[in-house]
Amino acid sequence: MKNLLIIVMLLFCSFTGFSQQVKPIKFEQLRQIITSNNDTTYVINFWATWCAPCVKELPNFIQLQKEYKTDKLKVILISMDFRSKLESSVEPFVKKKNIPLEVYLLDEQDQGSVIDKIDTSWSGVLPGTLVLNNKQEYRKFYERDFTYSELKETYLSSKK
Amino acid sequence: MKKLSLIAFMAVLSLSAFAQGYKVGDKATDFKLKNVDGKTVSLADYKSAKGFIVVFTCNHCPYAKAYESRIMELSKAYAAKEYPVIAINPNDPTAYPEDSFDNMKKRSSEKKYTFPYLLDESQAIAKAYGATKTPHVFVLQKTANGNVVEYIGAIDNDTEGVNANKVKYVEDAVNALLLNKKPETTTTKAVGCGIKWKSI
């Protein structure tokens, strides 16, 4: 388990050096992030380039990470675009929008099968956002979009 | 961990308190919705039907587009077996102009839909069924007590259409019903475009 954590951490470190890159991620790798037993609050947003409300709220996630950069907060974007759209749509989009966050593409053909594993309350509608801190045993899933103040409020309520 | 499961449990509870719509086994309401040909369509119009494949779908959504040809194939395969496809667009066209009635007409004639493509203008039917996204399928079986929901969810487990060994949930469900059996898989989840609800 510890080894796994280290691998995940290394993965993260290597990422900060290569911002703007979108890595395909298998559910198993995502599971390691969402079950990692550390005191970091993860805000994980599930989105797609074709999803208008998702695209609209993306700047709010960037802003959240920026405003709370000294917190133990990690904002991660998981694109649910098709794997075949990674190079043609997702990477150009992330480059163009200059998104300074970790961006992955969920590389699972059967995306439906992982919805329940991410959260049973999620119907599969985008956008969806998971807020969790495993050390604090905090976990909430939101099947909705956020304004910045709503997102900030949502994050802050996880710390209460 | 206990706290986690409690939270999860409460989340599910609060969700079910809000979530309206059908579960498998519920009786589905009939409707009277405007078709792209200008006429209205009801389930009751299909006197000889054994059941229905009700698909909430739309024009604009990439996932609906990805499934469009598979919806057309379902119609071709199951209309003769008395399980007609009924497509319903529940989206608010002010949010997505591509989903307007005129564009529905255009799409269905361009693609030569062999099934009705209905407009759920008030969104009441989508709400009654509990549709949350497009595409979202409800397989109904006609019984003496009305149209009973036998399957809710995705068309198959391969939205992108790249897996030759995909599980065809809707076909499997209808095939089972045609043999007077219950579908093995009765609910599935899929990523989809959220239905754009009209603001009240």
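The values are calculated or read from the model by the stated rules, or taken from the named source; none is laboratory data. Keep in mind it's a predicted model, so treat the numbers as computed, not measured. Neighbour counts run over all protein chains shown; Cβ positions are idealised from the backbone, glycine included. Accessible surface is based on the protein model in full, side chains and every heavy atom, while ligands, DNA and RNA are left aside. Shrake-Rupley method; radii C 1.70, N 1.55, O 1.52, S 1.80 Å.
Assorted remarks:
- Shielding by partners for peptide A:75-85, expressed as the average number of C-beta atoms from other protein chains within 10 Å of each residue's C-beta, is 2.
- For chain A, the square roots a ≥ b ≥ c of the C-alpha gyration tensor eigenvalues yield an a/c under 1.5, which makes the shape rounded.
- Burial ranking of peptide ranges B:131-137, A:40-46, B:101-107 (average Cβ count within 10 Å, highest at the top): B:131-137, A:40-46, B:101-107
- Beta-bridge orientation, the stretch B:22-194: approximately 70 percent antiparallel, per DSSP, counting only bridges with both partners inside.
- Placing a pseudo-label 7 Å from each Cα along the Cα-to-Cβ vector at B:Glu110 and B:Asp45 gives an inter-label distance of 2.4 nm.
- Chain A - mean residue ellipticity at 222 nm from DSSP helices (-39,500 (n - 2.57) per run, n ≥ 4, rounded to 500): -12000 deg cm²/dmol
- With the simple model of a label 7 Å out from the Cα in the direction of the Cβ, A:Asp39 to B:Thr94 spans 4.9 nm.
- Global geometry of the stretch B:56-106, whether rounded, prolate or oblate, following the gyration tensor of its Cα atoms and the 1.5 cut on a/c: prolate
- Unpaired by the 4.7 Å Cβ criterion, cysteines found in chain B: B:Cys58
- Where A meets B: accessible area buried, both sides, 1.4 Å probe, Å²: 2100
- Surface composition of the protein assembly as shown: carbon plus sulfur atoms contribute 55% of the solvent-accessible area (1.4 Å probe, protein chains only, all chains present).
- Inter-chain shielding of A:123-131 (mean C-beta neighbours from other protein chains, 10 Å cut-off): 5
- For A:Gly128, the residues whose amide H sits under 5 Å from its own are A:Phe46, ignoring neighbours fewer than 5 places away on the same chain, with H placed 1.01 Å from N.
- Approximate spin-label separation B:Ser199-B:Thr29, in nm, with each point projected 7 Å along Cα-to-Cβ: 2.5
- Computed 3J(HN,Hα) for the stretch A:77-82, one whole-Hz value per residue from the Karplus formula 6.51 cos²θ - 1.76 cosθ + 1.60 where θ = phi - 60°, is 9, 10, 7, 9, 4, 4, glycine and proline marked x.
- Averaging Cα coordinates gives a centre for the stretch B:161-180 and one for the stretch B:16-64; these two points are 19 Å apart.
- Dmax and Rg, reported as Rg then Dmax, of the protein assembly as shown (C-alpha, Å): 21.4, 67
- Taking all protein chains into account, the per residue accessible area for the protein assembly as shown stands at 49 Å² (1.4 Å probe).
- Gyration tensor analysis over the Cα atoms of the stretch B:36-195 returns equivalent ellipsoid semi-axes of 23, 19, 15 Å (largest first, whole Å).
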